[in-house]
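Can you keep this structure in mind? I'll have questions shortly.
The values are calculated or read from the model by the stated rules, or taken from the named source; none is laboratory data. Computed from a predicted model, the values in this text were never measured in an experiment. Counting neighbours? That spans all protein chains shown, and the Cβs are built from the backbone with ideal geometry, glycine included. Calculation scope for accessible area: heavy atoms of the full protein, side chains included, ligands and nucleic acids excluded. Shrake-Rupley method; radii C 1.70, N 1.55, O 1.52, S 1.80 Å.
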Amino acid sequence: MRSVSPSPESTKRRYGLLLLPAYPLLALAGVVTHRQVFALLALAVLLTVLMLPRLCTLRVAAWLIWLGALAALLLLSLYGFAGLLLEAVPVLINALLACWFGRTLSTTEPLVARFITALEGAERLRQAGVAEYARQVTWFWTLLLGGQALLLSVLLLCAEHSGLLARFGIASPWPVPERWAAAWLDLGGYLLLAAAFLLEYGYRRWRLRHLSHPGLHDMLLKLAQHWPQLLRGKGAVAS
């Protein structure tokens, strides 16, 4: 029986999923040890994961951009800015995700509906209450992520000692105690999103209790497998 070799797309996803857990571990190491090298490595891993699909095409331009970005990160780290860039990453991620969710609300396919189509098939959206709930949850994540990005921005600017305003000698209009700012920037924001995801999953099972639902593990596994389809939108087909 002839074995089937993995497709290039599945190989890219596998490499990306293997690299991604290194980012939070390195970021946490940077916070705990206050060493710029860990912040620099975390940023390098994140950049590599984001550019991996283009790097796997072996195009010279993609590799030059990647090497140039790594050189820029190294240069910034020499001036002590790697830690600051790492602190700004959650703000950027939350803002981009809020935009990603929000921009689909003006279409007939809000992002959560796209998730459902990719993971469970288009037929699922035609079941009672599913399409309406998908739009409501897309609104929920848009507002939560947007609010989180705004809060993280304020903390990054206004923390009493480590905030950007304090570093440049500018008095903060809303001074935030250092320990509270650090706790939310380093841990609280991630716990909020994890808790929101789990609570929404539980609420969905209650709200749509007339329907069967995949287990949490199966849903996360399918989400990881089908994320390129979520970017493309229409035409995502569950497998």
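Name the trypsin sites (Lys or Arg not before Pro) in the range 136-225 that are in a loop by DSSP and that have at most 10 other C-beta atoms within 10 Å, would you?
Answer in residue order: 209.
If you don't mind, there's one more thing I want to ask. Loop-only trypsin sites (Lys or Arg not before Pro) in the range 75-154, please: DSSP not H, G, I, E or B, and at most 10 other Cβ atoms within 10 Å.
126
So, by mean Cβ neighbours within 10 angstrom, what's the order for 189-196, 57-64 with the highest one leading?
189-196, 57-64
Just the number, please: carbon plus sulfur as a percent of the accessible area of the range 68-164, 1.4 Å probe, no ligands or DNA/RNA counted.
C and S atoms contribute 72 percent here.
Once label points are set 7 Å from the Cα along Cα→Cβ at both residue 65 and residue 174, what is their separation, rounded to one decimal in nm?
3.5
Rolling a 1.4 angstrom probe over the protein heavy atoms, how many square angstrom per residue are accessible across the range 100-203?
Here the per-residue accessible area is 55 Å².
Using a 7 Å offset from the Cα along the Cα-to-Cβ direction at both residue 51 and residue 195, what is the distance between the two label points in nm, to one decimal?
3.7
Would you please give the residues with an amide H less than 5 Å from that of residue 176, counting only those at least 5 places away or on a separate chain, with H modeled from the backbone geometry?
159, 160
Here's another thing I want to ask about it. Given contacts defined as C-alpha pairs under 8 Å and at least six residues apart, what's the relative contact order of the range 33-130, whole-number percent?
23
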